[in-house]
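The values are calculated or read from the model by the stated rules, or taken from the named source; none is laboratory data. Keep in mind the model is a prediction, meaning the values are calculated, not measured. Because the Cβ atoms are built from the backbone with ideal geometry, glycine has one as well, and the counts that use them run over all protein chains shown.
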Amino acid sequence: MKRIPEPELMEDPEQALAYGRADFEEPHSNFIKLLLVSCPLHGGIGAVLDLGCGTGDITFRVARAFPEAVVDAVDGSEAMLYYAIEGLVKSREFGERIRFI
């Protein structure tokens, strides 16, 4: 499947919420599987940078896959970051390991 990027940031809170609620289970799980295969020394990774993190789904998956890593996650949309941070606070799973920027 060819990815067609959005022409602009999802700055509207309703858009960001809809994106965050969308079902990306299959492609995001497959991405993490490929990442783990590509990084055979994944146990020793200390830092990850997630650019264009959106609402944080892949960020959270990366943090689970690399339990020793600190993940810095960046997005240009305040609305996306709002929902990412909300998800982080609700999960209480990652402590200080994820920073949304």
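Here are a few things to note about the model shown:
- Residue in segment 62-79 that is in contact with a Pro (Cβ under 6 Å, 6 or more places away or on another chain) and touching a residue at least 60 places away in the same chain (Cβ under 8 Å) present: yes
- Residue pairs whose Cβ atoms lie under 8 Å apart, sitting 6 or more positions apart in sequence or on different chains, and linking a residue in segment 32-46 that is modelled with pLDDT under 75 to a partner that is of a type in the set (D, E, K, R), are Gly43/Glu68; Gly44/Glu68.
- Within segment 12-34, if we keep just the residues that are closer than 14 Å to Asp57 by Cβ and either touching a Pro at 6+ places or on another chain (Cβ under 7 Å) or of a type in the set (A, V, I, L, M, F, W, C) (or both), the residue that is surrounded by the most Cβ atoms within 10 Å (Cβ to Cβ) turns out to be Ala16.
- In segment 59-70, residue nearest to Ala16 (Cα to Cα) [restricted to those that are touching a helix residue (DSSP H, G or I) at 6+ places or on another chain (Cβ under 6 Å) and surrounded by fewer than 22 Cβ atoms within 10 Å (Cβ to Cβ)]: Arg61
- Candidates are the residues of segment 1-11 that are out of contact with any Phe, Trp or Tyr (no Cβ under 9 Å at 6 or more places or on another chain) and surrounded by 12 or more Cβ atoms within 10 Å (Cβ to Cβ); the one that is modelled with the lowest pLDDT is Leu9.
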